[in-house]
Structure formats: structure tokens, C-alpha cells
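Since every read-out is calculated from the coordinates, none of them should be taken as a lab result. A quick note: this is a predicted structure, and the numbers were derived from the prediction, not measured. As a convention, Cβ positions derive from the backbone with ideal geometry for all residues, glycine included, and neighbour counts pool all protein chains shown.
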Amino acid sequence: MNILIVDDEDSIRVLLEQVLYEFGDCDSCATGEEAVKSVYLALARNKPYGLITLDIGLPGISGLEALKQIRHMEKEKNLDESQAAKIIILSAINDRETIVKDWEDYGGTCYMNKPFKRSELVEKLHSLGLEEEE
């Protein structure tokens, strides 16, 4: 599976890469614009991302705006729900109620608060039906 990690904090990207490399091939970027471009290129190559971790508080366009654009591109490629990326929204923002409404409206798969533990992330991935590659 192809995985895209989007976070403007180097330490979070490194942590995510350490966990997610067991689930597939990881790319990473630090801005919403880079995320949208990466997804566009992956779709153009017919190698879409199966999983995207997406920080909400990104420089430039927000993670929510990037999410909106990503879902739009997937629709343009006629990907159905089973083919579309599972997108885990990450945020340190404490107003979970507002964030949950927003990411659900834009098509996020699930939400995790930062900071998180490795075990919590792995549990979340398993709950989404994702397993480590051999």
C-alpha cells in the first residue's frame, strides 16, 4: 500500500514513518499544497494512496482544505469508497467537536488527537482493516 504522511512537524513525520513503514511504502510532505500535488501525481500514475495521515494545522492551505481537494480528485478519477484513501486526520486542537464535524463533512475517515502513542495509531490502523505488510 502507498502511504502519504502530511505534517509540518518533522518529529511527527518521523514518528509516523517509523510506525507506518510496516504497513507500506511511505511518502511525506509538510504542507497542504504538497499533499494535494502528491495525491494528484499518485492518481495520474494509477498508484493512489491507500492511507493518508493529514495534520489539520498546516502552513498554506489547511489540512481540511487539502482533504476537500483530495476527495474531489478521487471523485474525478471515479474511485469508489473502497478505492479511495483512508484519511486519518491528526490535530493537537482541543475542540474535538468542531473538528470532528469538519473532517466528517469533508470526507475524513477518522480522527486522532496529537500527541498519540504508537500503540494507539497501530490500533486505529487495525480498526480500519489495515495490516502490516510482510
Rounded to the nearest 0.05, what FRET efficiency do Ser62 and Asp10 give with R0 = 22 Å and r taken as the Cβ-Cβ distance? Could you check?
0.70
Taking max minus min of the Cα coordinates of the chain on each principal axis, largest first, gives extents in Å of 37, 34, 25
Between the alpha-carbon centers of region 19-57 and region 104-134, tell me the distance in whole angstrom.
15 Å
Suppose every Lys and Arg Cβ carries +1 and every Asp and Glu Cβ carries -1, with no other charges. What dipole size does the chain come out with about its Cα centre, to the nearest 20 debye?
260 debye
Other residues with Cβ under 9 Å from the Cβ of Gln83 give, with Lys and Arg +1 and Asp and Glu -1, a net charge of -2
Under 18 Å from the 7 Å Cα→Cβ point of Leu128, by amide nitrogen: which residues of region 43-71?
43, 47-58, 63-71
Among rounded, prolate and oblate, which fits region 1-80 when a ≥ b ≥ c are the square roots of the eigenvalues of its C-alpha gyration tensor, a/c under 1.5 means rounded, and a/b larger than b/c means prolate?
oblate
Toward the positive end of the charge dipole of the chain, about the Cα centre and with charges on Cβ (Lys, Arg +1; Asp, Glu -1), which of Tyr106, Val14, Tyr49 goes farthest?
Tyr106
